[in-house]
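Enquirer: Let me begin by handing over the structure; questions about it come next.
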Amino acid sequence: MKSIISIAVTSALIAGCAGLSGGGPSATATLEATKGNTVSGTVNFTTKGDKVVVSARISGLTPGNHGFHIHEKGDCSSGDGLSAGGHFNPASQAHAHPSTMARHVGDMPMLIADGGGVASFTAELDLMTIGSGANDIVGKGLIVHKDPDDFKTQPTGNSGARLACGVIKKS
């Protein structure tokens, strides 16, 4: 009888600890500079309920705002980031600010680099998923752009050149 109670208590503790860590799928992208640039960093994606928490630390930027998007292809082979294709947009929506419901799945808030060229970023985003469904970001490209995103110009937000590229991989 003690064994059964011990097993039940242990199982409950394990289940409780899994709930504390979020228990959902997660993914990571390691950003590497495109040719002629010095931008690099790591971006983590963690499922939290029906949202994904995106956290990043990116260096080598010029101070100020930079467009930051998930792109349709997990291909950074071209040297300029263009092999990652356009913004990830499975529902064929217009490019817009991430606070807008009708937008690309890959539309994210801007990175803001400090005077030392480092951007630390955390946001909770809806629409995207990790590991399943039409909005799955695993295997997609992640791009840091040279210029700010105006969240209006179609289809890219007029964000300019691609400074860094990474592939989102399930962790």
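What follows is calculated from the coordinates using simple rules that are stated; it is not laboratory data. What you see is a predicted model; the values in this text were computed from it and never measured. Counting neighbours? That spans all protein chains shown, and the Cβs are built from the backbone with ideal geometry, glycine included.
Enquirer: Treating the beta-carbon of each Lys and Arg as +1 and of each Asp and Glu as -1, no other charges, what is the dipole magnitude of segment 38-171 about its Cα centre, to the nearest 20 debye?
Expert: Values: 11 positive and 12 negative charges, 47 e Å.
Here segment 38-171 has a charge dipole of around 220 debye.
Enquirer: Please go through the residue pairs Lys35/Lys152; Lys51/Lys169; Lys146/Lys170 and name each one whose alpha carbons sit more than 21 Å apart in this structure.
Expert: Values: Lys35/Lys152 28 Å; Lys51/Lys169 18 Å; Lys146/Lys170 27 Å.
Too far apart for the 21 Å limit: Lys35/Lys152; Lys146/Lys170.
Enquirer: Relative contact order, percent, of segment 57-152 when contacts are C-alpha pairs under 8 Å separated by at least 6 residues? Please report the intermediate quantities before stating the final value.
Expert: Details: 204 pairs, mean separation 38.2, N = 96.
Relative CO of segment 57-152 lands at 40 percent.
Enquirer: How tilted is helix 2-20 with respect to the longest principal axis of the chain? Cα atoms for both, answer in degrees (0 to 90, nearest 10).
Expert: 20 degrees
Enquirer: Provide the per-residue ³J(HN,Hα) series for segment 162-171, in order, calculated from phi with Karplus coefficients 6.51, -1.76, 1.60 and θ = phi - 60°, each as a whole number of Hz, with x at glycine and proline positions.
Expert: Per-residue couplings from phi come out as 9, 8, 8, 9, x, 10, 7, 10, 5, 10 Hz.
Enquirer: For Met108, what residues show an amide H to amide H distance below 5 Å, using hydrogens built from the backbone and excluding near sequence neighbours?
Expert: When sequence neighbours closer than 5 places are left aside, the close amide H contacts are Phe68, Ile70.
Enquirer: Specify whether the C-alpha gyration tensor of segment 36-171 places it in the rounded, prolate or oblate class, a ≥ b ≥ c being the square roots of the eigenvalues: rounded for a/c under 1.5, otherwise prolate if a/b is larger than b/c and oblate if not.
Expert: On the way: a/c = 1.34, a/b = 1.29, b/c = 1.03.
It comes out rounded by the Cα gyration axes.
Enquirer: Cross-link partners among aspartates and glutamates for Lys73, C-alpha distance below 17 Å, same-chain residues fewer than 8 apart left out?
Expert: Glu32, Asp107, Asp136
Enquirer: While we're on this one: In the chain, if the dipole is taken from +1 on Lys/Arg beta carbons and -1 on Asp/Glu beta carbons about the Cα centre, which of Ser171, Ser159, Thr122 is farthest to the positive end?
Expert: Ser171
Enquirer: Based on other C-beta atoms within 10 Å, arrange Thr129, Thr30 from fewest to most. Working shown, then result.
Expert: Values: Thr129 20, Thr30 14.
Starting with the residue having the fewest Cβ neighbours, the order is Thr30, Thr129.
Enquirer: Tell me the mean residue ellipticity at 222 nm calculated for the chain from its helices only (DSSP H runs of n ≥ 4, each -39500 (n - 2.57), averaged over every residue, nearest 500).
Expert: Values: 1 runs with 19 residues, N = 171.
Result for the chain, helices only: -4000 deg cm²/dmol.
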